[in-house]
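K.L.:
So that we are looking at the same thing, I have put the structure below in structure tokens.
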Amino acid sequence: MQMAIPVMLISMLLFFVLFFGIGFILNMLLRMTWIMAVVYPIIAILIIDRVKFSEYFTNPGNSFSELGDIISKLAVADIAIVLSGFAGAVVSGITMRVLRAKGYRMF
């Protein structure tokens, strides 16, 4: 099923804002600048994959091969949406570094 362009653009914006906000809040609470950029790939795999998280440890060969198959079959729109979420996580880290450099110690 194809995705309409307005739906894709709104989804990309929502993922960017969602993960920017989550990353910003985590950075304020944990004071770890790149925490969301490190955690985001795990979250993205949980969103994309149909395999239970525990199966990556109990049956890694089958789980990772299925993950590779699913990632290779993603549509361009899906990849763009997932990458925009990662961009939001990275931009939240950059924002926190800039705010800390400008003297905002609460961040």
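K.L.:
If you scan segment 10-33, which residues turn out to be over 12 Å from the mean Cα position of the chain (by Cα), modelled with pLDDT under 95 and not hydroxyl-bearing (Ser, Thr, Tyr)?
P.N.:
Within segment 10-33, PHE24, ILE25, LEU26, ASN27, MET28, LEU29, LEU30, ARG31, MET32 meet the criteria.
K.L.:
Which of the residues belonging to segment 84-107 are part of a helix (DSSP H, G or I) and hydroxyl-bearing (Ser, Thr, Tyr)?
P.N.:
Of everything in segment 84-107, those that are part of a helix (DSSP H, G or I) and hydroxyl-bearing (Ser, Thr, Tyr) turn out to be SER84, SER92, THR95.
K.L.:
Taking the residues in segment 80-107 that are surrounded by 12 or more Cβ atoms within 10 Å (Cβ to Cβ) and of a type in the set (Val, Ile, Thr) as candidates, determine which candidate is nearest to the chain's Cα centre (by Cα).
P.N.:
Selected residue: VAL82.
K.L.:
While we're on this one: Yes or no: MET3 assigned to a helix (DSSP H, G or I) and surrounded by 13 or more Cβ atoms within 10 Å (Cβ to Cβ)? So that I can check it myself, show each step before the final result.
P.N.:
On the way: assigned to a helix (DSSP H, G or I): no; surrounded by 13 or more Cβ atoms within 10 Å (Cβ to Cβ): yes.
The answer is no for MET3.
K.L.:
ILE42: within 30 Å of MET96 (Cα to Cα) and among the aliphatic types (A, V, I, L, M), yes or no?
P.N.:
Against the criterion (within 30 Å of MET96 (Cα to Cα) and among the aliphatic types (A, V, I, L, M)), ILE42 qualifies.
K.L.:
Restricting to segment 51-63, what's the tally of residues that are in a helix (DSSP H, G or I), surrounded by 14 or more Cβ atoms within 10 Å (Cβ to Cβ) and either without any contact (Cβ under 8 Å) to a residue 12 or more places away in the chain or of a type in the set (A, V, I, L, M) (or both)?
P.N.:
2
K.L.:
Looking at segment 59-107 only, could you name the residues that are polar (S, T, N, Q) and either within 17 Å of PHE19 (Cα to Cα) or modelled with pLDDT of 95 or more (or both)?
P.N.:
The answer is SER84, SER92, THR95.
The values are calculated or read from the model by the stated rules, or taken from the named source; none is laboratory data. Here the structure is a predicted model, which means the values were calculated and not measured. All Cβ positions, glycine included, derive from the backbone under ideal geometry; neighbour counts span all protein chains shown.
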